[in-house]
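Novice: Before I ask anything, here is the structure I am working with.
The values are calculated or read from the model by the stated rules, or taken from the named source; none is laboratory data. None of these values were measured; they are calculated from a predicted model. Counting neighbours? That spans all protein chains shown, and the Cβs are built from the backbone with ideal geometry, glycine included. These accessible areas exclude ligands, DNA and RNA; they are computed on the full protein's heavy atoms, side chains included. Shrake-Rupley method; radii C 1.70, N 1.55, O 1.52, S 1.80 Å.
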Amino acid sequence: MREETVGTLLAFVVLVLLGVEPVIIKASPVNPFAFASAASLSASSILWAALLATGKAREIPKKPGEIKKTFLTGLFATAVAYSLFTYGTRLSTAINSAILTRFEVFYSFLIGWLFLGERITAKGAFSALALVSGVFLVVTGGKGVTIGGGDVLLLLTPLFWQIGHAIAKRTAYSPLTIAALRNTFGGLLLLVPALKTGFAFTPLALAEGIVIALTQSLWYCSIARINLSKATAILTPSPVLSVMASMALLGESVGVYQIAGLALIIAGTLLVTLEKSEGR
């Protein structure tokens, strides 16, 4: 029960960090590949310093077979997913991006059930539906969305996030080591298109690197303790934090749809928090 509680609390900390992250990304003046590569490599440097300081780096040569898994995590969850997300967002809209990537929770249920042996309950599925519906209402204000060409890429983005997470969950390294190697491999893979489009390092990339290092370390600590599907469901409302911040800081009005959406999110979050991580 203690592990369940710690894993759940860590997921909530990651949720808050993810709500802040779009502000940094939005402010970046450089092209997305350059920013992503510089941020990933910055995170990698921070995490390697932590690995060396704690002595956890010694586990890498002791378990060389796990390096391939961390490479695949970097490939799928960082390089491929970020490329799809970047081009999908450019071809679509910010609203579609916020909503469609939240379908990650359903991918996590499927992958967790098929490959990780996680138990999916009716209550868990209902909570996920409530969370996604709440995000839709808050972000759109009850208005419809127009489906464009980039939306297919946005729907594929969370699938690759979840593939990477599933591999990481089965990797016999510490969360710190997994995060360090993921960003090393992912940053180097993204460096190729970044160099072709104009690589640039900015203070914002360093700030994003700090956020990535902290977020991913806590995330892997979380999914080492609780089901991947539960942890992902907790992260579902992250875009809503940005909307709520705009309402609070910019004085934007709160409509009935936002209130209804927040009620669904609170209900869904409470339900998923009470779920116990079990195998099927």
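Novice: For the chain, what is the accessible area per residue in Å², given a 1.4 Å probe and the full set of protein chains?
Specialist: Using a 1.4 Å probe on heavy atoms only, each residue of the chain averages 46 Å².
Novice: Calculate what fraction, in whole %, of the accessible area of region 114-173 sits on carbon and sulfur atoms when a 1.4 Å probe is rolled over the protein chains.
Specialist: Using a 1.4 Å probe with all protein chains present, region 114-173 comes out at 70 percent carbon and sulfur.
Novice: Multiplying the sequence separation of L195 and L91 by 0.36 nm and subtracting their Cα-Cα distance, what value in nm do you get?
Specialist: Using 0.36 nm per residue and subtracting the Cα-Cα distance, I get 35.2 nm.
Novice: What number, rounded to the nearest 500 deg cm²/dmol, is the helix-based mean residue ellipticity at 222 nm of the chain, given -39500 (n - 2.57) per DSSP H run of at least four residues and division by all its residues?
Specialist: When only DSSP H runs of four or more count, the value is -25000 deg cm²/dmol.
Novice: Give the average over all directions of the projected area of the C-alpha convex hull of region 154-198, one decimal, in nm².
Specialist: 3.9
Novice: Considering region 1-131, what Rg and Dmax in Å follow from its alpha-carbon atoms?
Specialist: Cα only, region 1-131: 17.7, 46 Å (Rg, Dmax).
Novice: Same structure, new question: Cα-Cα over 32 Å: which of K143/K196; K68/K123; K68/K230; K69/K276; K56/K123?
Specialist: K143/K196; K68/K123; K56/K123
Novice: For region 222-236, list residues with backbone N below 16 Å from a point placed 7 Å from the Cα of I25 toward its Cβ?
Specialist: 235-236
Novice: Let me ask another. Whole number please: convex hull volume per residue, Cα atoms of region 102-166, in Å³.
Specialist: Once divided by residue count, the hull of region 102-166 is 85 Å³.
Novice: Label F115 and R170 with points 7 Å out from Cα along Cα→Cβ: what is the distance between them in nm?
Specialist: Calculated label separation equals 0.7 nm.
Novice: Dividing the convex hull volume of the alpha carbon atoms of region 123-205 by its residue count, what do you get in Å³ per residue?
Specialist: Expressed per residue, the convex hull around the Cα atoms of region 123-205 is 187 Å³.
Novice: Follow-up. Pop a pseudo-label 7 angstrom from the Cα along the beta-carbon direction at both K276 and K143 and give the gap in nm to one decimal.
Specialist: For K276 paired with K143, the spin-label model returns 4.6 nm.
Novice: On the accessible surface of region 1-88, probed at 1.4 Å, how many percent belong to carbon and sulfur atoms?
Specialist: Using a 1.4 Å probe with all protein chains present, region 1-88 comes out at 73 percent carbon and sulfur.
Novice: In the P(r) worked out for the chain, what percent of Cα pairs fall beyond 34 Å?
Specialist: Considering the chain, 16 percent of its Cα-Cα pairs are separated by more than 34 Å.
Novice: Can you list the HN-Hα couplings for region 100-113, worked out from phi with the Karplus curve (6.51, -1.76, 1.60; θ = phi - 60°), rounded to whole Hz and with x for Gly and Pro?
Specialist: 5, 6, 6, 5, 4, 4, 6, 4, 5, 4, 5, 5, x, 6
Novice: I've got another one for you. Multiply the residue gap between A267 and V6 by 0.36 nm, knock off their C-alpha separation, and tell me the result in nm, one decimal place.
Specialist: 91.9 nm
Novice: Next up: At what distance in nm do the modelled label points of R58 and S133 sit from each other, each positioned 7 Å from its Cα along Cα→Cβ?
Specialist: The modelled label-to-label distance comes out at 5.4 nm.
Novice: Arranged from highest to lowest average of other beta-carbon atoms within 10 Å per residue, in what order do the peptides 211-217, 119-125 appear?
Specialist: 211-217, 119-125
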